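Bear in mind that the values in this text are calculations on the coordinates, not laboratory data. These numbers come from a predicted model, not from an experiment. Positions of Cβ are backbone-derived with ideal geometry, glycine not excepted, and every protein chain shown enters the neighbour counts.
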Amino acid sequence: MAAYAAAGPLVVGCSGGADSLALVLALRAVVPDRPLIGVTVDHGLQDGSADRARATADLLQRLGCAAVEVLTVTVGRAGGPEAAARQARYTALADLAATWAGAPILLAHTADDQAETVLLGLARGSGPRSVAGMRPWRRPWGRPLLPVTRAATEATCAEAGLRPWRDPHNADPAFTRVRLRTEVLPLLEDVLGGGVRSALARTADLMSEDLAALDTIAGALLARATAGPELDRRALVGQPAAIRRRVLRGWLAGCGARALTHDHLVRLDAQVVDDAGPAQVRLPGGVDVLRRGDRLHAAPAGPAPDSPPRPGETPDRVGWQAWHAVRQDPSGTAPHPPEPPGRARERQ
């Protein structure tokens, strides 16, 4: 537990299922002198959820938690039901932890959860960060049970005489993770002769090590290449794409850009390495990145420029459409601005 915090209270999320109950039992055995703040979240997504939350809170008190909290949240719709519930839960847990002097928040994800996460990342082509899965520790979130299997947590609860709650959602095939758990992973285990879950978890560990090394290299370069909203692109030229794009992502995170996709990073990278690349790239979060000679400049997104790109400069698609729309219709009501140069030829 010293990896999460040397002393003080620990916030523990508990649904009443086998994994989270096993985590509480393990903490009481390993760090009996640390105050445990047991927290259960009522998402309000099932009939009787409030009663279930109160029953879990009572059990946490019996298991020796120094304090117990029931957090009631409202789940939105963004990203689908699983993602929306997770976002609501994590926000509520983080807010509570802040009232306990920023205590670590321990979650009960297991090696099985890690395997599912890695498989989802592979299937979605989300890049190495997703394939690396969940981190054991990323402040304030700790996951002490990542090396432990779900079978082990269930056995622990059985030995302690506990009857964990079985969430009906965990058996509902409407959820992608449920089908991964009950259909895809068992099929892979059968076809490949077993060991798939442990192999996926090991892949996450190896990928995490590589990512940590790349992040360290990129962090040092970021410090040399940037000054607030300015980035010296000469410092990035000649670096591998993986390093350049990490520097760009880190720089722009500090400038207010959000939710950058692979396509955003490819266009930004072209601003660095290609003198004929986009003169302007518009990003989520209301940020424009403008190329000015050897520097990139991040600025709040503003109106489209009143003059066309200079010879040899190619604006990105959004920038060209905005510029042309304003030129043709200053009121901003032009419904269908022309395609950027070359796009029509690509379609022929």
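Using mean Cβ contacts within 10 Å as the protection proxy, how do 191-203, 101-113 order, highest first? Don't skip to the end; give the middle numbers.
Details: 191-203: 15.1, 101-113: 21.2.
With the highest mean Cβ count within 10 Å placed first, the list reads 101-113, 191-203.
Taking the alpha-carbon centroid of each part, what is the distance from region 188-205 to region 207-248 in angstrom?
Using only Cα atoms, the two centres lie 33 Å from each other.
Using alpha carbons only, how many degrees (0 to 90, rounded to 10) separate the axis of helix 81-99 from the longest principal axis of the chain?
70
What residues have an amide H closer than 5 Å to that of GLY142, excluding those fewer than 5 places away on the same chain, when H is modeled at 1.01 Å from N in the peptide plane?
ILE105, LEU106, LEU107
Note down the magnitude of the dipole of region 10-200 about its Cα centre, charges +1 on Lys and Arg C-beta and -1 on Asp and Glu C-beta and zero elsewhere, to the nearest 20 debye.
Working: 21 positive and 19 negative charges, 106 e Å.
That gives region 10-200 a dipole magnitude of about 500 debye.
So what are the ³J(HN,Hα) numbers for region 62-76, from phi and the Karplus equation (6.51, -1.76, 1.60; θ = phi - 60°), rounded to whole Hz, Gly and Pro as x?
5, 7, x, 5, 5, 8, 9, 10, 10, 9, 9, 10, 10, 8, x
May I ask you to work out the translational diffusion coefficient for region 165-241 at 20 °C, viscosity 1.002 mPa s, via Stokes-Einstein with Rh from the Kirkwood sum over Cα pairs, reported in whole µm²/s?
129
Reported to two decimal places, what Rg/Rh ratio describes region 108-188 when computed on Cα atoms with Rh from the Kirkwood expression? Don't jump to the answer; show the numbers that get you there.
Details: Rg = 14.0 Å, Rh = 14.1 Å.
Radius of gyration relative to Kirkwood radius: 1.00.
Tell me which residues come under 5 Å, amide H to amide H, from CYS14 once H is placed; ignore anything under 5 positions away on its chain.
Answer set, sorted by chain and number: VAL39, THR40, VAL41.
From the P(r) of region 191-287, could you give the percentage of C-alpha pairs in the tail past 20 Å?
More than 20 Å apart: 46 percent of the Cα pairs in region 191-287.
Would you mind getting me the FRET efficiency between SER198 and VAL237? Use the beta-carbon distance for r and R0 = 35 Å, nearest 0.05. Please list the in-between numbers first.
Numbers: r = 42 Å, r/R0 = 1.20.
The formula returns an efficiency of 0.25 here.
Assuming R0 = 41 Å, what is the FRET efficiency of THR74 and VAL191, from their Cβ-Cβ distance, to the nearest 0.05? Write out the running numbers ahead of the final one.
Numbers: r = 42 Å, r/R0 = 1.03.
Efficiency at R0 = 41 Å is approximately 0.45.
In debye, nearest 20: dipole of region 37-90 around its Cα centre with unit charges on the Cβ of K, R (+) and D, E (-)?
The calculated dipole for region 37-90 is roughly 120 debye.
For a footprinting-style exposure proxy, rank ARG163, ARG282, ARG34 by other Cβ within 10 Å, fewest first. The partial results should precede the final answer.
Working: ARG163 11, ARG282 21, ARG34 17.
By the 10 Å Cβ count, ascending, the order reads ARG163, ARG34, ARG282.
For the chain, give the share of DSSP beta bridges that are antiparallel, in percent and rounded to the nearest 5; count only bridges with both residues there. Before the final figure, lay out the partial values.
Working: 17 of 31 bridges.
Restricted to the chain, the bridges split so that about 55 percent are antiparallel.
Taking the chain as the reference, fit the longest principal axis to its C-alpha atoms, fit the long axis of helix 18-30 to the helix C-alpha atoms, and give the angle between the two in degrees, 0 to 90, nearest 10.
Helix 18-30 sits at roughly 70 degrees to that axis.
When the chain is treated as a GNM, springs tying every alpha-carbon pair under 10 Å, which of VAL131, VAL12, VAL281 comes out with the largest mean-square fluctuation?
Among VAL131, VAL12, VAL281, the largest GNM mean-square fluctuation belongs to VAL281.
Using a 10 Å cut-off around each Cβ, can you sort HIS43, HIS297 from fewest to most neighbouring Cβ atoms? It would help to have the intermediate numbers written out before the result.
Numbers: HIS43 21, HIS297 16.
With the sparsest Cβ surroundings first, the list reads HIS297, HIS43.
Determine ³J(HN,Hα), in whole Hz, for all residues of region 144-157 in sequence, where each value follows from phi through the Karplus function 6.51 cos²θ - 1.76 cosθ + 1.60 and θ = phi - 60°; x replaces Gly and Pro.
So the Karplus estimates, Gly and Pro as x, are x, 9, 4, x, 9, 8, 5, 4, 5, 5, 5, 5, 4, 5 Hz.
Could you tell me the center-to-center distance, by alpha carbons, between region 71-91 and region 125-177 in angstrom?
Here the answer is 18 Å between Cα centres.
Identify which of the listed values of Rg/Rh (Cα atoms, Kirkwood Rh) was calculated from the structure shown: (1) 1.06; (2) 0.96; (3) 0.99.
(1)
Could you tell me the relative contact order of the chain? Use alpha-carbon pairs under 8 Å, at least six residues apart, and round to a whole percent. Provide the component values of the computation, followed by the final result.
Values: 491 pairs, mean separation 39.3, N = 348.
Averaging sequence separation for qualifying contacts and normalising by length gives 11 percent for the chain.
Taking the Cα centre of the chain as the origin, how large is its charge dipole in debye, to the nearest 20, when only Lys and Arg (+1) and Asp and Glu (-1) carry charge on their Cβ atoms?
I would put it at about 620 debye.
Of the options ALA204, VAL68, GLY127, report the single residue whose Cα projects farthest towards the positive end of the charge dipole of the chain (beta-carbon charges: Lys, Arg +1; Asp, Glu -1).
Projecting each Cα onto the dipole axis, the largest value belongs to GLY127.
Only bridges whose two residues both fall in region 25-175 count here: according to DSSP, what percent of them are antiparallel, nearest 5? Don't skip to the answer; put the middle values down first.
Working: 2 of 10 bridges.
Close to 20 percent.
Can you check how the C-alpha radius of gyration of region 10-200 compares to 2.2 N^0.38 Å, as a plain ratio? Show your work: numbers first, answer last.
Values: Rg = 16.6 Å, N = 191, 2.2 N^0.38 = 16.2 Å.
Rg over 2.2 N^0.38 Å, computed on Cα atoms: 1.02.
For THR176 and ALA155 in the same chain, what is the full-extension length gain: residue separation times 0.36 nm, less their Cα-Cα distance, in nm? Kindly include the intermediate steps, with their values, before the conclusion.
Working: separation 21, 0.36 × 21 = 7.56 nm, distance 2.59 nm.
Taking 0.36 nm per residue and subtracting the Cα distance, the gain is 5.0 nm.
Full extension from GLU82 to SER49: what is 0.36 nm times the residue separation minus their Cα-Cα distance, to one decimal in nm? Could you put the intermediate results ahead of the total?
Details: separation 33, 0.36 × 33 = 11.88 nm, distance 1.63 nm.
Length gained between GLU82 and SER49: 10.2 nm.
Working out 0.36 nm times the residue gap between ALA67 and TYR90, then minus their Cα-Cα distance, what length gain in nm do you get to one decimal? Mind showing how you got there, number by number?
Numbers: separation 23, 0.36 × 23 = 8.28 nm, distance 1.88 nm.
Value of the extension gain: 6.4 nm.
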